[in-house]
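J.: One structure, as structure tokens, below. Some questions next.
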Amino acid sequence: MKTLTILEAGNLAGVVIMIIGIIILGALFISVIATFVVKLIYEWKGDRKFSKKQFIQTMLICLLVCGLISGYICG
């Protein structure tokens with residue numbers, strides 16, 4: 001009996017969900033790192049404080065940019 005690979009098995013819904021999940025987790029990881037870098041630069045000089053709202057907005061913008069880049073690459 002021949003062994004079947006994942007692509008020959010038929011139902012690829014699980015593989016597609018795993019790929020999308022990996023892309024989302026990767027984008028979250030990259031956006032958190034980029035947001036912390038922005039926070040460090042923002043607070044480096046002076047008495048400025050990076051608020052929670054600014055953190056969330058910066059992270060959301062980074063996620064959108066990561067989504068655009070991954071859509072361009074995968075599409």
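J.: Can you tell me how many residues in the range 33-75 are within 25 Å of Val16 (Cβ to Cβ) and surrounded by 14 or more Cβ atoms within 10 Å (Cβ to Cβ)?
T.: So the count comes out to 6.
J.: Can I ask one more? Against the condition assigned to a helix (DSSP H, G or I), under 18 Å from the mean Cα position of the chain (by Cα), at negative phi and in contact (Cβ under 8 Å) with a residue 40 or more places away in the chain, how does Ile69 come out, does it pass?
T.: For Ile69, the condition - assigned to a helix (DSSP H, G or I), under 18 Å from the mean Cα position of the chain (by Cα), at negative phi and in contact (Cβ under 8 Å) with a residue 40 or more places away in the chain - is not met.
J.: Look through the range 21-66, keep the residues that are part of a helix (DSSP H, G or I) and hydroxyl-bearing (Ser, Thr, Tyr), and return whichever of them is farthest from the chain's Cα centre (by Cα).
T.: Looking at residues that are part of a helix (DSSP H, G or I) and hydroxyl-bearing (Ser, Thr, Tyr), I get Tyr42.
Every read-out reported here was derived from the displayed coordinates using simple, explicitly stated rules and does not represent laboratory data. What you are looking at is a predicted structure, and each value in this text was computed from that prediction instead of being measured. Every residue, glycine as well, gets a Cβ built from its backbone with ideal geometry; the counts of neighbours run over all protein chains shown.
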